[in-house]
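In what follows, a single structure is set out as structure tokens and then discussed.
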Amino acid sequence: MSSISLRQIKKSYAGLDILKSVDLEIEKGEFIVILGPSGCGKSTLLNVIAGLDDCDAGQIVIDGNDVIGLEPSQRGLAMVFQSYALFPAMTVRRNLSFGMKIAGTPKTLIAEKVAWVAKLLQIEPLLERKPGQLSGGQRQRVAIGRALVRSSSICLFDEPLSNLDAKLRAETRVELKQLHETLKSTMIYVTHDQIEAMTMADRVAVMYKGQVEQFAHPQSIYEKPASLFVAGFVGSPAMNFLDGRLDSEARFVMGNTKVDVSEYIFDKAPDLAETMLGVRCEDITVVNRGAPGSLPATLSFIELLGADALGWFDCLGKRFSVRLAVATARAMPKEVGLKLDIAKASLFSVATQRRL
Ligand SMILES: Nc1ncnc2c1ncn2[C@@H]1O[C@H](COP(=O)(O)OP(=O)(O)OP(=O)(O)O)[C@@H](O)[C@H]1O
Ligand SMILES: [Mg+2]
């Protein structure tokens, strides 16, 4: 177990700022997920931590020691790359055991660990094959296995499950999480899959354009997104948004429509400038058209999801998703009212893009 501090890490390529002052304090044994859209700098950040790439400025402190300038091999971490980087001429068994052999691990222990990880990742039948004889998903599992057998105190994963089919992905996700409970190593896991982030992380760092937008427990990222970007990126379907402004009587005003927001708990003193109101699909109730405090809406279509359903409504010129019970969805009239649960909603300043 190791703690990792990233302090004001900056990196640019050809004059473009790819990492713009990233700060993260990761505690010993934490499972951290770095979540963000393609191109936001996730792999770059991981490579900088691993020492595969230099940063232009900042400090990386592992267990109290600044590791900038140290070779990757001196940093005591194992990494699974976004591209698998297996040795093509070696069998799967040798790919798995190579690192341990170099480190002088006794033969019996190597054999034990290879057997353990092969069973865990369901690659036992593949041990004598070479990477060229494996599918993408199988290669990816070998790459994960190779990092796991090293029992490092820090494991870095760069989208390790992206090539697995849905079932194997879900299984491996659970395995990795359980493995973390057993190994208790500090893990930094990069993904753009929010289900992985929500289910695996102790804390999630949401990255956007080279910056950490929010670093918090997955539930608070979901319930109290710190910025408009986080609100729109996390959650499926995406959060519903309305634009308007606040008035001095704790109402959110859109043209002639006013919504009482007195139940909202403000993080910051509200201003009366342009504001976005965001509500998740499960925090909206369908009521009769004209019911007090409701917004007029017209049903556009219903998506049946099996366990429940999504109703899509046109409301004040926006498309709104509302989570519904299947029976309710089936009997849904066309013209309805929508009531927003303001205590669970989010308000954002348009000027700063931050949560109010
Ligand atoms: N060696 C390089 N030279 C120039 N630009 C680079 C280099 N490596 C990465 N970049 C740029 O830096 C940005 C961030 O890349 P990075 O690989 O860190 O993104 P990412 O968040 O991992 O994306 P993805 O989810 O697609 O893997 C991208 O715009 C990319 O084009
Ligand atoms: Mg990447």
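FYI, it's all coordinate maths here, none of it is from the lab. Not measured: the values here are computed from a predicted model. Every residue, glycine as well, gets a Cβ built from its backbone with ideal geometry; the counts of neighbours run over all protein chains shown.
Each Lys and Arg adds +1 at its Cβ and each Asp and Glu adds -1 at its Cβ; summed about the Cα centre, the stretch 45-176 shows a dipole of about 820 debye.
Taken over the stretch 1-86, lysine pairs spaced eight or more positions apart, or on distinct chains, with alpha carbons under 14 Å apart number 5. For the stretch 237-349, the orientation-averaged shadow of the C-alpha convex hull comes to 7.0 nm² (one quarter of the hull surface). For the stretch 262-304 and the stretch 176-246, compute the distance between their C-alpha centroids and round to whole Å. Their Cα centres are 23 Å away from one another.
Here the relative contact order of the stretch 4-229, from alpha carbon pairs under 8 Å that lie six or more residues apart, stands at 29 percent.
Points 7 angstrom from Cα along the Cβ direction at ARG330 and ILE265: gap in nanometres? Modelled inter-label distance: 3.9 nm.
Translational diffusion coefficient of the chain (Stokes-Einstein, Kirkwood radius from Cα pairs, 20 °C, 1.002 mPa s): 94 µm²/s. For the chain, the longest principal axis of the alpha carbon atoms and the long axis of helix 166-183 meet at an angle near 70°.
Dividing the alpha-carbon radius of gyration of the stretch 42-154 by the rule-of-thumb value 2.2 N^0.38 Å gives 1.15. Once the Cα-Cα distance is subtracted from the 0.36 nm per residue extended length, the GLN133 to ALA250 segment shows a gain of 35.7 nm.
Please compute the length gained on full extension between THR182 and VAL287, using 0.36 nm multiplied by the number of residues separating them and subtracting their Cα-Cα distance.
32.9 nm
Positive-end ranking of ALA50, PHE241, SER300 along the dipole of the chain, with charges on Cβ about the Cα centre, is headed by ALA50. Relative to the longest principal axis of the Cα atoms of the chain, the long axis of helix 136-148 makes an angle of roughly 70 degrees.
Evaluated at q = 0.12, 0.25 Å⁻¹, the base-10 log of the normalised Debye intensity for the stretch 51-99, with identical point scatterers placed on the Cα atoms, takes the values -0.39, -1.00. From least to most packed, judged by other beta carbons within 10 angstrom and beginning with the fewest, PHE252, PHE266 follow the order PHE266, PHE252. Residues whose amide H comes within less than 5 Å of that of GLN214, counting only those at least five positions distant or on another chain, are VAL206 (H built at 1.01 Å from N in the peptide plane). Assuming charge only on the beta carbon of Lys and Arg (+1) and of Asp and Glu (-1), the dipole of the stretch 4-229 about its Cα centre is about 800 debye to the nearest 20.
The convex hull drawn around the Cα atoms of the stretch 104-205, when projected onto a plane and averaged over every direction, covers 6.9 nm².
The angle separating the long axis of helix 107-120 from the principal Cα axis of greatest extent in the chain is about 30 degrees.
Dividing the summed helix terms, -39500 (n - 2.57) for each DSSP H run of n ≥ 4, by the number of residues in the chain produces a 222 nm estimate of -7500 deg cm²/dmol to the nearest 500.
Total lysine pairs in the stretch 237-349 at Cα distances under 18 Å, for residues eight or more apart or on different chains: 6. Between VAL61 and GLN122, full extension at 0.36 nm per residue minus the direct alpha carbon distance yields a gain of 18.4 nm. Which of these, ILE188, ILE302, ILE18, has the largest mean-square fluctuation under a Gaussian network model of the chain (Cα springs below 10 Å)? Maximum fluctuation in the GNM of the chain, among the listed residues, is at ILE302.
Shown for the stretch 98-157 is the translational diffusion coefficient from the Stokes-Einstein equation, using the Kirkwood radius over Cα pairs, a temperature of 20 °C and a viscosity of 1.002 mPa s: 177 µm²/s.
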